Every structure is written in C-alpha cells, then in structure tokens.
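K.L.:
One structure coming up, written as structure tokens, with questions to follow.
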Amino acid sequence: MADRKPFIAGNWKMYKTGPQAAELASRLKSLVGDITDVDVMVAPPFTALGVVGEILQGSAIHLGGQDLFWEAEGAYTGQISAPMLKAAGCSHVIIGHSERRQYFGETNETVNRKIRAALLGGLIPVLCIGESEAERESGQTFSVVQKQLEEGLEGFSSDEIQKMTVAYEPVWAIGTGKTATTDQAQEVHESIRGRMETAYGNSVAKAVRILYGGSVKPENIGDLMAMADIDGALVGGASLDGDSFAGIVRYK
Ligand code: PEP
C-alpha cells in the first residue's frame, strides 16, 4: 500500500442509542485511542455525535458523519449540514454510501453536491462507490465504478481531490458476509487509482487513499491490507463491537 497511511473507518449506521454509543466509544478509546500509525475514524448516528465526540476528546480517533445535506442551513426538515457536523467535532463525512443510494435516492449528482458542501465546510469526504451483484455478473463492474467516480467528482480540482478518500464497496459484499477476494478488490482499487492518475495526475493518484468495504473482519483485514492499492477499510457490522473493530485497527 505504498507510503499512504492506513485508514480504518467504522460506519455505525442506524445502530446505537446515545448511551450505547457512549459505551462503545469509551471501549474504543481504551482499546485503540492511542494508535497513531493508522488513522481511525468512527461515524455514529447524528444523535450520538455529541456524546461520542466528548468521549473521544484527547484520543487519536476521528469523528465522522454518515451523510450530510448540501446546503449550509435553511428550511430542510430532517437534514444535517457540513457546518453542523464540523461544530459537532467531525473531521470526516461519508458520502454516497450504497444504502443512501439504494433507499434514499442518492445519485451521482447529489453525491457531487454533497462532496462540494463537505469540502466547503472543511470536512474530508469519504466517497463510497461500488457495483451491485447484477452489475458484477453482467461484467459492468469497472464501467459502473468509473461512472460513479467521474460523475461524483465532476468539477473538482486536483487539490480538492487530494483531500478526499474513496471507499470501494461492492454492494453484494456489504453486510452479507461475502467478502470480495483480495484479487477482486485489488483489481478494482487499481483501476480506481488508474482513473485518478489519468484525470488528476500521478501525485494525486498516489496520495488518495482507497478503502475497501464489505464484510471486513479481524480475520480478513490482514490479507486485504497486503494488497498494493488497498489503503484501509470502511467497516460496518464489525465496527459495532469494540473488540472486533480494535482487531481490525490492529491488523499489523
Ligand atoms: C458498510 O456499511 O460500509 C459496510 C461495508 O458494511 P459491512 O462491513 O457490514 O459489510
């Protein structure tokens, strides 16, 4: 994985009430709060950002949002903006997760607007892309991922791209227990980096971290991290348990 710093992120999705999130955050702080050779980030539900942010203060664990809206403020009932996430202590925000695309009408165009809002608000976007099972079976993996990347990142400068993280998450591997083989993941990561190189140049392509997501666990993270273009993981299910997330963070 070249000299890019490993990055392990946990997406808690719609799990954990405030008290439950506080318990998990305390456990993580004691298990991995002092780790600095791997970047660690957790994205709790919005309602738990405050309590988790307070608990993680003084640790090296970063806080992220799971989504945001592209306007900074306004009459948008139910939405959360970049300045709100920033003020709650977030440094990162996940954008375009496949569950947002599948259940909430997220498109490459809305993803693009959200990335713009995140950057304007001083947040690091973690852009999620990935093909469905049907798309993989019909040989469209590379074209789907390329389109998501091109349209999601349309209009950004090389400097802006360099600040982002990309997460490749094959939809068929999310929460299913099916993990892409290391070779399947590596070939898509390599193609994403190749696309970055063509569009933004060699130094940007070398700098951008590309995470893998899809049923990552302590048992498979080591093999994934051994691949040249896999720089970390976006973890769902296994991030809900302190010991298992810590096992992923301490993969070395
Ligand atoms: C995810 O939610 O981004 C994810 C990869 O989930 P899981 O690890 O549960 O497959």
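The values are calculated or read from the model by the stated rules, or taken from the named source; none is laboratory data. Remember, predicted model here, so these are calculated numbers, not experimental data. Cβ sites come from the backbone with ideal geometry, for glycine too, and all protein chains shown count toward neighbours. Keep in mind that these areas ignore ligands, DNA and RNA; they rest on the heavy atoms of the full protein, side chains included. Shrake-Rupley method; radii C 1.70, N 1.55, O 1.52, S 1.80 Å.
K.L.:
Carbon and sulfur together cover what percent of the accessible area of the chain at a 1.4 Å probe radius?
P.N.:
Working: 5560 of 10990 Å².
Its accessible area is 51 percent carbon and sulfur atoms.
K.L.:
Still on this model: Enter the Cα centre distance for the pair segment 5-48 and segment 165-224, rounded to the nearest angstrom.
P.N.:
Each part reduced to its Cα centre gives a spacing of 21 Å.
K.L.:
Oh, and also: Once you list every other residue whose beta carbon is under 14 Å from the beta carbon of Met84, what net charge do they have if Lys and Arg are +1 and Asp and Glu are -1?
P.N.:
-1
K.L.:
Using heavy-atom solvent-accessible surface (probe 1.4 Å) with all chains present, what is the largest-first order of Arg193, Arg250?
P.N.:
Largest to smallest exposure gives the sequence Arg250, Arg193.
K.L.:
If you don't mind, another one. Could you tell me which of the pairs Lys5/Lys29; Lys29/Lys147; Lys16/Lys206; Lys86/Lys178 are separated by over 30 angstrom between their Cα atoms in the structure shown?
P.N.:
From the list (Lys5/Lys29; Lys29/Lys147; Lys16/Lys206; Lys86/Lys178), the Cα-Cα distance tops 30 Å for Lys29/Lys147; Lys16/Lys206; Lys86/Lys178.
K.L.:
With springs connecting C-alpha atoms under 10 Å apart, model the chain as a Gaussian network and identify which of Gly121, Gly214, Gly177 has the largest mean-square fluctuation.
P.N.:
Of Gly121, Gly214, Gly177, the Gaussian network model singles out Gly177 as fluctuating most.
K.L.:
Note down the accessible area of Arg209, probe 1.4 Å, to the nearest 10 Å².
P.N.:
Result for Arg209: roughly 40 Å² accessible.
K.L.:
Ordering Ser239, Ser191 by accessible area with a probe of 1.4 Å, largest first, what comes out? It would help to have the intermediate numbers written out before the result.
P.N.:
On the way: Ser239 0, Ser191 45 Å².
From most accessible down to least: Ser191, Ser239.
K.L.:
Another one. Per-residue counts of other Cβ atoms within 10 Å, averaged by peptide: what ranking do you get for 137-143, 77-83, highest first?
P.N.:
77-83, 137-143
K.L.:
Rounded to the nearest 500 deg cm²/dmol, what is the calculated helix-only ellipticity per residue at 222 nm for the chain, with -39500 (n - 2.57) per DSSP H run of length n ≥ 4?
P.N.:
-12500 deg cm²/dmol
K.L.:
Tell me, rounded to the nearest percent, the portion of alpha carbon pairs in segment 45-181 spaced more than 20 Å apart.
P.N.:
Tail of the P(r) past 20 Å holds 49 percent of the pairs.
K.L.:
I would also like to ask the following. With the cut-off at 30 Å, report for segment 7-249 the share of all Cα pairs above it, as a whole percent.
P.N.:
Value for segment 7-249: 20 percent of Cα pairs lie more than 30 Å apart.
K.L.:
Here's a follow-up. Could you please put Thr110, Thr198 in sequence from largest to smallest accessible area, using a 1.4 Å probe? Write down the numbers at each step before the final one.
P.N.:
On the way: Thr110 25, Thr198 110 Å².
So, going from the largest accessible area down, we get Thr198, Thr110.
K.L.:
Roughly how many Å² is the accessible area per residue of the chain, as a whole number, for a 1.4 Å probe?
P.N.:
44 Å²
K.L.:
Still on this structure, I have one more. Could you compute how much accessible surface Tyr200 exposes when probed at 1.4 Å, giving the result in Å² to the nearest 10?
P.N.:
The accessible area comes out at roughly 50 Å².
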